[in-house]
Amino acid sequence: MLILSMFFISIFLYFFYYYCLPFIIWYNEYVKSIYGGNKMKVLVAGGAGYIGSHICVELLQANHEVIVIDDFSNSKPEVLGYIKDITGKDVKFYEFNILDEKKTEQVFIENEIDAVIHCAAFKAVGESVEKPIEYYTNNLTTTLIVAKMMKKYHVNNIVFSSSATVYGDPEVVPLTEDCKLGETTNPYGASKAMMERILTDVQHACPEMSVTLLRYFNPIGAHESGLLGEDPKGIPNNLMPYIMKVAAGELPCLGVFGDDYDTPDGTGVRDYIHVVDLAKGHVLAIEKYNKPGLHVCNLGTGQGYSVLELVHAFERVNGVKVKYEIKPRRAGDIATCYADPTRAKEELGWVATRGIDEMCRDTWNFAKTRMK
Ligand code: WQD
């Protein structure tokens, strides 16, 4: 009798898990999308930027309300219209630099903010070596002002746009979140490590806060619409926008910074992650890491590609030529960096789903749309 009842119980559990549970999960999401369950008002600092704008799209499509502060120092006003074109929704926008503490405080006074995603920072390795004062002033002060206003107005959830550069030149790869934070090799990476430290200490002093440090590897790619993508002002510091401009004929030739690293083809290896996958990781982080405490999470694919592998993938996928020449190494660069993304999968249910071909295709689609 016992065996028979055990048999029927296991049959019931099998059917419940594989047929009823998915339906219950779907219905719960459907109800949330209709009645705005867990709808949050999220401030995206730097929300008109390359990564910030993609985060805004994913937040709006997840039925959250979005407020943006941006000074257009590394973005363009038309991005706000593109966000509307893609989602059919507006963000509430404020144009100023967060270094203006009074204006930043006014945003916290005027809006009942539930959470902050802090993307407002300068982010080019090479440039940071030449301009350390600007990088430390902008990146650290904006973080201190955001943290001050969150504490003052009891906003207890922040997701910080951090970077794999905080690991310095890694002794082992793939990198897990428990890898020690290395000697950062440039002011950009050092500022990110300091910003992490600021927010970690703030969380320690304010235990009611949830502070999430998302360590990005190398975000590239563009929204499938072709409306949003990385289009830095002037000469690009990062690899993919430079490749894009050479392929488009806007720049004559790509300089490959060093082919004598200890890597398969001698050029630098990085973990390139599609910016839409990255943005989706932020929505999950703001929704799931909402319990008080410090949460640290890598956002990468776990797959490394060299500079030349990315160049050749771009040419193959898009049927274009990318002229390049080998140049000396760039100050502050490291040989190899890629993620172990296990924690993001286990704690957020997040996995990067877009591969290198899609990153190249979407980048070129954005370039063609931008050039129309
Ligand atoms: C990638 C590889 C270069 C340009 C930094 C930040 C990271 C993220 C992206 C924010 C390296 C080589 C590059 C060029 C080249 N920032 N390269 N010619 O420095 O790995 O990462 O930017 O989200 O947090 O650390 O990115 O694209 O500059 O360089 O050969 O013209 O391409 O040497 O090996 P990086 P990158």
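Among the residues making up segment 80-112, those that are among the polar types (S, T, N, Q) and under 24 Å from the mean Cα position of the chain (by Cα) are THR87, ASN97, THR104. Taken as a whole, the condition of being open to solvent by 50 Å² or more (accessible area, probe 1.4 Å) and under 24 Å from CYS337 (Cα atoms) does not apply to ASP277. In segment 339-372, which residues are hydroxyl-bearing (Ser, Thr, Tyr), surrounded by fewer than 16 Cβ atoms within 10 Å (Cβ to Cβ) and part of a helix (DSSP H, G or I)? THR342, the sole residue that qualifies.
Any residue at all in segment 321-338 that's surrounded by fewer than 17 Cβ atoms within 10 Å (Cβ to Cβ) and either assigned to a helix (DSSP H, G or I) or free of Cβ contacts under 8 Å to residues at least 60 places away in the same chain (or both)? No, the conditions are met nowhere in segment 321-338. Taking segment 210-248 as the range and being assigned to a loop (DSSP other than H, G, I, E, B), within 15 Å of the ligand (Cβ to nearest atom) and among the polar types (S, T, N, Q) as the test, the residues that pass are ASN237, ASN238.
How about segment 108-128: which of its residues are away from the ligand (no atom under 11 Å from the Cβ) and either part of a loop (DSSP other than H, G, I, E, B) or closer than 29 Å to GLY255 by Cβ (or both)? Within segment 108-128, ASN111, GLU112, ILE113, ASP114, ALA120 qualify.
Applying the condition of being out of contact with any helix residue (DSSP H, G or I) (no Cβ under 7 Å at 6 or more places or on another chain) and within 13 Å of the ligand (Cβ to nearest atom) to segment 301-320 and asking which residue is most open to solvent (accessible area, probe 1.4 Å) yields GLU309.
Residues of segment 156-174 that are more than 23 Å from ILE286 (Cα to Cα), within 16 Å of the ligand (Cβ to nearest atom) and not acidic (Asp, Glu): TYR167, GLY168, PRO170, VAL173, PRO174. Just one of (1) modelled with pLDDT of 95 or more; (2) under 27 Å from VAL146 (Cβ atoms) fails for ASP262. It is (2). TYR153 fulfils the conditions (1) over 17 Å from the mean Cα position of the chain (by Cα); (2) free of Cβ contacts under 8 Å to residues at least 60 places away in the same chain; (3) within 15 Å of the ligand (Cβ to nearest atom) except for a single criterion, (3).
Residues in segment 139-161: is at least one in contact with a Gly (Cβ under 6 Å, 6 or more places away or on another chain), open to solvent by less than 60 Å² (accessible area, probe 1.4 Å) and hydrophobic (A, V, I, L, M, F, W, C)? Taking every residue of segment 139-161 in turn, none turns out to be in contact with a Gly (Cβ under 6 Å, 6 or more places away or on another chain), open to solvent by less than 60 Å² (accessible area, probe 1.4 Å) and hydrophobic (A, V, I, L, M, F, W, C). Pairs meeting the criteria (first residue in segment 234-254 and open to solvent by 50 Å² or more (accessible area, probe 1.4 Å), second residue more than 10 Å from the ligand (Cβ to nearest atom) and modelled with pLDDT of 95 or more, beta carbons under 8 Å, at least 6 apart or on different chains) are PRO252/LYS323.
Take SER191 and tell me if it is closer than 17 Å to GLY46 by Cα and within 10 Å of the ligand (Cβ to nearest atom).
Working: closer than 17 Å to GLY46 by Cα: yes; within 10 Å of the ligand (Cβ to nearest atom): no.
The answer is no for SER191.
Looking at the structure I just gave you, is LYS180 open to solvent by 60 Å² or more (accessible area, probe 1.4 Å), of a type in the set (Lys, Arg) and under 22 Å from GLY268 (Cβ atoms)?
yes
Within segment 282-289, the presence of a residue that is within 12 Å of the ligand (Cβ to nearest atom) and at pLDDT 95 or above is excluded.
The values are calculated or read from the model by the stated rules, or taken from the named source; none is laboratory data. Owing to the predicted nature of the structure, the values given are computational and were not obtained by experimental measurement. No Cβ is skipped: glycine too gets one built from the backbone with ideal geometry, and neighbour counts run over all protein chains shown. Each accessible area value is taken on the protein alone, full model and side chains, heavy atoms only, with ligands, DNA and RNA left out. Shrake-Rupley method; radii C 1.70, N 1.55, O 1.52, S 1.80 Å.
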